[in-house]
Amino acid sequence: MKNIAVFVAVLVIAGAGAGAGYWLGARQDQGAKIQGDAPRTSTADAAKKAERKLLYYRNPMGLPDTSPTPKKDQMGMDYIPVYAGEEPATDISTVKISLEKVQRLGVKTETAALRALIRTVRAVGTVQVDERGLHTVAPKFEGWIERLDVNTTGQYVRRGEVLMEVYSPDLVTAQQEYIIALKGGEAVKDGHPETQASMRQLIAGALQRLSNWDISEEELQRLQKERTARRTISLRSPVSGVVLEKPALKGMRFMPGEALYKISDLSALWLLADIFEQDLALIAQGQSAKIMVNAYPGKVFAGRVAFVYPTVTPETRTAKLRIELANTGGLLKPAMYASVELAAGRSRAKVLAVPDSAVLDSGTRQIVLVQRGEGSFEPRPVKLGVYADGYVEVLEGIKAGESVVISANFLIDSESNLRAALSTFGAPSRPETKPTPAPGTPATPADAHKGH
């Protein structure tokens, strides 16, 4: 019985020893594993740090304060490490942006190139009667209107067409004098030469008097043929055109010089357009123009600049422009409202130009952002010339072939202004490396103060 108890105790002790050995072995293996991994991790970190050389630590708020060792600012924020290749550019006018940020901002560029700038000048105006084709029928004698043959405004008349029949005592007398002179000339045809000459002068004078009163050639030929004085004489239209005004009424009395008809040829018209003062230099005589009116949408009438009026309206700062155009088919009417487009350009030569969206204009400066490389942009002041449709002439500042930013340039310029503002506080300085004093050399007062 005693032997059995001893055997059981031995088994218990052996099991406990085996468990303790297994636990100890596992702890040793785990410790060995941890110790084995640690050197590998340290090696990777060292290699990574070897690739990126730490230069200094900069202020997290962008201030020009730097430190050679890690530290915190007054707000408790950690200084940011700056590695080689990440230091700020020495030229503060150049903005560097990562390629990822360039794509996120949607930055687009275009090459400055030579192009012919044609600017479209737009103006508004009204259709007017051509003053050179406007005629007024105003008799040079006193009389009464017996009959009106053209009695409506807007009626079209042809040259030589009878307008009205008029009675004038002066015309009757002049006809009679002419007939008497004709008969007297026939009576002395065999007389003395001086008498014949006097009668010829009398006949010519009577005929000239009728002609001076604008009696038509048809009426004079009838008088010479019939040799009878008529009570009324027909007044005929001097031109072909449309009756614009007709003050004449049947039975009315008119005085010498009184306007009875106003007739105009509407086959050619004028367009008087108002252009702004700053566009005057772009307009020249003979320049072509496109004219559109609301009455005929989509239809374009062709015209030509005939005259630029020499005065400017002070209230609107605009000048008058006269454009001549043909009125084919009589579609255009006087006083119609029209819009005008003129293709203007100071010269046909090509000039250096960039899109107008590339220009940042603050009122006192004009700059463009020139791409210097991948993610590198330089704000550059420029001197501008003529603006055309979507482009602007560059006189100074850039050269042909340089790429300028045409999209998101405002955001890049803001970045440039921020860096320029920070630079006024002083450029960020690198940590100075001071020589280590020799053993036994007394420290300077400044060093001693730093030590405290």
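Taking all Cα pairs closer than 8 Å and separated by 6 or more residues, the relative contact order of segment 164-299 comes to 24 percent. Given a 1.4 Å probe and the protein chains as shown, Lys399 ends up with an accessible area of around 150 Å². Radius of gyration (Cα atoms) of segment 233-389, expressed as a multiple of 2.2 N^0.38 Å: 1.67.
Across all C-alpha atoms in segment 290-356, the radius of gyration and Dmax reach 15.7, 45 Å.
Expressed as a whole percent, the proportion of Cα-Cα pairs in segment 202-302 lying more than 19 Å apart is 68%. With the convex hull drawn over the C-alpha atoms of segment 65-176, the volume per residue is 428 Å³. Between the amide H of Leu117 and those of Val351, distances stay under 5 Å, these residues lying 5 or more places away or on another chain, with hydrogens modeled in the peptide plane. Figure note: His192, His135 ranked by solvent-accessible area, largest first, 1.4 Å probe, ligands and nucleic acids not counted: His192, His135.
Each peptide among 283-292, 231-240 gets the average number of other Cβ atoms lying within 10 Å of its residues, and from highest to lowest they stand as 231-240, 283-292. In whole angstrom, segment 143-275 maps to an equivalent ellipsoid with semi-axes of 38, 17, 12, each derived as √(5λ) from the alpha carbon gyration tensor and ordered largest first.
Rounded to two decimals, what is Rg over Rh for segment 246-314 when you use alpha-carbon atoms and the Kirkwood radius? Can you show the working numbers first?
On the way: Rg = 19.2 Å, Rh = 16.3 Å.
Using only Cα positions, Rg/Rh for segment 246-314 is 1.17.
Our compactness index for segment 169-236, the C-alpha radius of gyration over the empirical 2.2 N^0.38 Å, is 1.14. Proximity of backbone amide H atoms, modeled 1.01 Å from N, is registered between Ile406 and Lys108, Thr109, Glu110 at under 5 Å, excluding neighbours fewer than 5 places apart on the same chain. Using a cut-off of 20 Å between Cα atoms, the listed pairs Lys183/Lys225; Lys299/Lys333; Lys140/Lys183; Lys246/Lys333; Lys262/Lys299 include Lys140/Lys183; Lys262/Lys299 as exceeding that distance.
The values are calculated or read from the model by the stated rules, or taken from the named source; none is laboratory data. It should be emphasised that the depicted structure is a prediction, and the values quoted were computed from it without experimental measurement. Counting neighbours? That spans all protein chains shown, and the Cβs are built from the backbone with ideal geometry, glycine included. The area values use the complete protein model at the heavy-atom level, side chains included, leaving out ligands, DNA and RNA. Shrake-Rupley method; radii C 1.70, N 1.55, O 1.52, S 1.80 Å.
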